[in-house]
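The values are calculated or read from the model by the stated rules, or taken from the named source; none is laboratory data. Because the structure is a prediction, the values reported are computed rather than measured. When we count neighbours, we look across all protein chains shown, and the Cβ atoms used for this are built from the backbone with ideal geometry, even at glycine. Surface accessibility is based on the protein's heavy atoms, side chains included, excluding ligands, DNA and RNA. Shrake-Rupley method; radii C 1.70, N 1.55, O 1.52, S 1.80 Å.
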Amino acid sequence: GVFQPQAMVPEFSKAVAALKPGEIGPLVRTQFGYHIVRRNTYAEAKAQFLQEFVKRQRFVAESTYISGIEKEGNIQIKPGSEKVVKAVAANLAEHENDNTVVATTKLGNFTAGRVAKWINGFPNPDQLRGQIAQAPDSMMLIFVRNLTRNELVLDAAEKAKIAADTAEVNE
């Protein structure tokens, strides 16, 4: 069988490490059976390595950027916001213009009305409303933090004059 690097068991990993690029090693026994081991050359592994490297670098950069926005945004979630979010989810129409503050950021107040707009903006708002009704209160705090972070990211994009194209808007 062919093993991908992320699936290597210790015996297989040791056998590959003992080989020079391009070499074929002896038979290796693992919990999955017997295997003939061949170590890829750099030329063979380069494309996959670069793809994974770029993906990892992008993830690190995005995580760092989002963490910075979140920290700079000074998100403060108000006590009791979990109950407000559940009430909003239970009746979106009733809360469309609700100015009850669930969190504050450098942008100002994040209200129950904004929560209603965000829920309505999700692909399947009714399913989300059901999930919110069933979720523990602690998850509502995470939900509010994520929504406020989204607002901060959108503000940063707007200030940087980054606009979504038609496909992104539709998505």
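Please tell me if D126 is charged (D, E, K, R), modelled with pLDDT under 95 and open to solvent by less than 80 Å² (accessible area, probe 1.4 Å).
When the stated conditions are applied, D126 does not pass them.
Quick check on region 56-66. Is at least one of its residues in contact with a Pro (Cβ under 6 Å, 6 or more places away or on another chain) and either more than 30 Å from T104 (Cα to Cα) or in a helix (DSSP H, G or I) (or both)?
No, there is no match, as no residue in region 56-66 is in contact with a Pro (Cβ under 6 Å, 6 or more places away or on another chain) and either more than 30 Å from T104 (Cα to Cα) or in a helix (DSSP H, G or I) (or both).
Going by the structure shown, is E62 under 26 Å from A157 (Cα atoms), touching a Lys or Arg at 6+ places or on another chain (Cβ under 9 Å), open to solvent by 80 Å² or more (accessible area, probe 1.4 Å) and not polar (S, T, N, Q)?
Judged against the criteria, E62 is not a match.
Looking at F53 and the list (1) closer than 30 Å to I119 by Cα; (2) open to solvent by 90 Å² or more (accessible area, probe 1.4 Å); (3) assigned to a helix (DSSP H, G or I), which single condition is not satisfied?
Every listed condition holds for F53 apart from (1).
For region 111-147, how many residues are under 21 Å from E168 (Cα atoms), over 18 Å from the mean Cα position of the chain (by Cα) and of a type in the set (S, T, N, Q)?
Here the count works out to 2.
Looking only at region 96-123, which residues are open to solvent by less than 60 Å² (accessible area, probe 1.4 Å) and among the hydrophobic types (A, V, I, L, M, F, W, C)?
V101, V102, A103, F110, A112, V115, A116, W118, I119 - these are the residues of region 96-123 that are open to solvent by less than 60 Å² (accessible area, probe 1.4 Å) and among the hydrophobic types (A, V, I, L, M, F, W, C).
Mind checking whether some residue in region 1-16 is within 30 Å of F110 (Cα to Cα) and touching a Ser or Thr at 6+ places or on another chain (Cβ under 9 Å)?
no
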